[in-house]
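Peer 1: First the structure, then my questions, so here it is.
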Amino acid sequence: MQSIRRVKFILPALTEATSPYWRPIKYSLFPPLGLATLAAYLDPDIEISLQDEHVEKLDLNDQPDLVIIQVYITNAYRAYQIADHYRARGSYVALGGLHVTSLPDEAAPHADTIFIGPGEHTFPQFLQDLAAGTQQRRYESSVRTLEGLPPIRRDLIQRHRYLVPNSIVVSRGCPHHCTFCYKDGFFSGGRSFYTQVVDDALAEIARLPGRHLYFLDDHLFGNPRFARDLFRGMKGMGRVFQGAATVDSILRDDVVEEAASAGLRSLFVGFETLSRDSLAGAGKRQNLGRSYREVVKRLDSLGIMINGSFVFGLDGDDRDVFPRTVDWAVQAGLTTSTFHILTPYPGTALFTEMAARDRIETRNWDLYDTRNVVYRPLGLTPEELKRGYDWAYEAFYRWGSIFEAASAHRSVKHRLKHFFYSAGWKKFEPAWDFVIRIKQLSQMRPILEAVLSRVAASATNNPPEDLPQRLIELTRPTPSSLDTAIEKSSAPL
Ligand code: B12
Ligand code: SF4
């Protein structure tokens, strides 16, 4: 029988996120939602601490009874180090998350118990077993539902440390099966796409303070009936929100319109590649035969900004892929683009296939951040791929490209929003670094909300009334900011 009085939840960070010299904004965007979800299963009288190394220095001198650590691929080595540290101090250590699910045998020596897959059903079972002294070395998720979950312990989240404390997920997984995606591996052994009950999702939204929400769901429109009911329920709540959806779902029906009227202002869209063969090779059937132009037109007409996601290094790619993709993205007027170097995550079909062909060049997981070439590409050398990727970021976020892409919209307000949003993320990294250091991120939230304000569907030449002066001042180019090197990593927003 194990007596548990103090529990510590830790989200370890990759080295880059903890640099004393530079704090990229992307690591201060979202709180550790998965850990706050698990914390809800503990008795309220248990002493809980939740630490996110992306935004604070970890206190490693304490002695919790139970330590729960979330492991992603790029924080895996750090997670194992922390786990070993706490085990040496006598704490019971549990590891779970995406990387543990992909490589349980790698994680197991660092933990008393490991968890495979989502934790909503295995974690409460483990807590019961632990109390009874019958805990297992390994738990595997097979029951998959989001019904009747306890409310996420958002009180444990230090909201002021994040630009977007209101991150939320109302579904898990995705109905599609792209070969490079984490999701088929992570959700194997049970359902790989399921949603909350609409009323529960609306209740969770209603509990969130402020206006802005970010849905981290892999595919917010994945279940059209659920999505439609959710957005209808959100109408009148006065929210502005962002999320992600697939190309086909944007063209399919009226869900995107419902989303826009509920407050959807920017959407992450997985275009991935302009090549038909590469789409087929990646199992991205939902994009095949769909007009990307139509997708852009539809979102544009609803005033929804687009963050396009693209992958370089697919087997059909040659040196032309970089200018072709960037030219298209700029001309189409995408507000932001997230470029990735193809990365075969362990546990994916892509990894299995590449390993079978001996194409995996390194298993140093620190490099699996989609900014490094970790496999042998076919139509390009690794150096060409890395150089082309770096060039794509530089070319897309040049001032000339930002102006050109912004001018693709019909309405002046949309153009201005595009300009501020795009320049804000990529041209003002030093300003973000400064704001993070002086712990004033929450002051930036009204500005983000203003940029996400509504654009009327019809063309208008009136300048936006609700873009505050602060925003205009903040984003006015200065010689030093113009010279700032572009941060070449991917931004999730
Ligand atoms: C938000 C997000 C981020 C945020 C913040 C992460 C955070 N604060 O948690 C930021 C922007 C920092 C980020 C950065 C990166 N991310 Co990211 N991110 C996500 C995203 C979109 C959502 C995560 C989330 O909140 N999910 C919802 C919650 C409820 O689920 P969860 O966190 O997985 O937690 C559940 C389970 O995993 C499990 N669980 C987790 N830990 C534990 C521990 C125990 C003991 C137990 C029992 C259970 C358990 O239980 C929880 C409840 O079910 C995911 C995609 C996805 N859908 O997961 C990608 C994802 C996790 N990111 C990914 C990557 C690659 C990155 C980057 C390397 C990208 C880059 N190029 O910069 C960086 C570096 C990350 C790092 N720290 O090392 C990959 C990870 C692949 C992998 N195999 O690890 C994913 C899957 C995206 C993808 N499609 O490839 N990311
Ligand atoms: S559509 Fe996106 S989330 Fe769904 S399987 Fe493909 S890459 Fe993964």
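Peer 1: Report yes if some residue within segment 220-239 is in a loop (DSSP other than H, G, I, E, B), open to solvent by less than 60 Å² (accessible area, probe 1.4 Å) and farther than 20 Å from R285 by Cβ; otherwise report no.
Peer 2: There is at least one residue in segment 220-239 that is in a loop (DSSP other than H, G, I, E, B), open to solvent by less than 60 Å² (accessible area, probe 1.4 Å) and farther than 20 Å from R285 by Cβ.
Peer 1: How about segment 171-191: which of its residues are open to solvent by less than 20 Å² (accessible area, probe 1.4 Å) and more than 7 Å from ligand 2 (Cβ to nearest atom)?
Peer 2: S171, G173, F187
Peer 1: Scan segment 55-114 for residues that are aromatic (F, W, Y), part of a helix (DSSP H, G or I) and under 26 Å from the mean Cα position of the chain (by Cα) and jot them down.
Peer 2: Residues satisfying the conditions are Y77, Y80.
Peer 1: (1) more than 16 Å from ligand 1 (Cβ to nearest atom); (2) closer than 28 Å to P151 by Cα: which one isn't true of F193, the others all being true?
Peer 2: Condition (1) is where F193 drops out.
Peer 1: Could you tell me which of the residues T325, T343, T336 is within 16 Å of ligand 2 (Cβ to nearest atom) and in contact (Cβ under 8 Å) with a residue 40 or more places away in the chain?
Peer 2: So the residue among T325, T343, T336 that is within 16 Å of ligand 2 (Cβ to nearest atom) and in contact (Cβ under 8 Å) with a residue 40 or more places away in the chain is T343.
Peer 1: Name every residue in segment 304-363 that is over 23 Å from A392 (Cα atoms), open to solvent by 10 Å² or more (accessible area, probe 1.4 Å) and in a helix (DSSP H, G or I), in order of residue number.
Peer 2: Passing the criteria: A349, L350, F351, T352, E353, A355, A356.
Peer 1: Would you mind telling me which numbered condition in (1) in a loop (DSSP other than H, G, I, E, B); (2) touching a Gly at 6+ places or on another chain (Cβ under 6 Å); (3) of a type outside the set (A, V, I, L, M) G379 fails?
Peer 2: That leaves (2) as the condition not met.
Peer 1: State all residues of segment 214-235 that are within 16 Å of ligand 1 (Cβ to nearest atom) and within 12 Å of Q196 (Cα to Cα); if no residue qualifies, say none.
Peer 2: Residues satisfying the conditions are D217, L220, N223.
Peer 1: Sort through G148, G133 and tell me the only one that's open to solvent by 30 Å² or more (accessible area, probe 1.4 Å), touching a residue at least 60 places away in the same chain (Cβ under 8 Å) and on the phi > 0 side of the Ramachandran plot.
Peer 2: That would be G133, the only listed residue that is open to solvent by 30 Å² or more (accessible area, probe 1.4 Å), touching a residue at least 60 places away in the same chain (Cβ under 8 Å) and on the phi > 0 side of the Ramachandran plot.
Peer 1: Can you name the condition, by its number, that P165 falls short on among (1) within 16 Å of ligand 2 (Cβ to nearest atom); (2) part of a loop (DSSP other than H, G, I, E, B); (3) buried (at least 21 other Cβ atoms within 10 Å of the Cβ)?
Peer 2: (1)
Peer 1: Considering (1) of a type in the set (S, T, N, Q); (2) away from ligand 2 (no atom under 16 Å from the Cβ); (3) open to solvent by less than 10 Å² (accessible area, probe 1.4 Å), say which one S249 fails and leave the rest.
Peer 2: It fails just one condition, (2).
Peer 1: Take the residues of segment 91-116 that are within 16 Å of ligand 2 (Cβ to nearest atom) and within 19 Å of I10 (Cα to Cα): which is most open to solvent (accessible area, probe 1.4 Å)?
Peer 2: The selected residue is L98.
The values are calculated or read from the model by the stated rules, or taken from the named source; none is laboratory data. Nothing here was measured: the structure is a model prediction, and the numbers come from that model. Using ideal geometry, Cβ is built from the backbone for each residue, glycine included, and neighbour counts are taken over all protein chains shown. The protein model used for the area step is the full one, side chains on, heavy atoms only, and it has no ligands, DNA or RNA in it. Shrake-Rupley method; radii C 1.70, N 1.55, O 1.52, S 1.80 Å.
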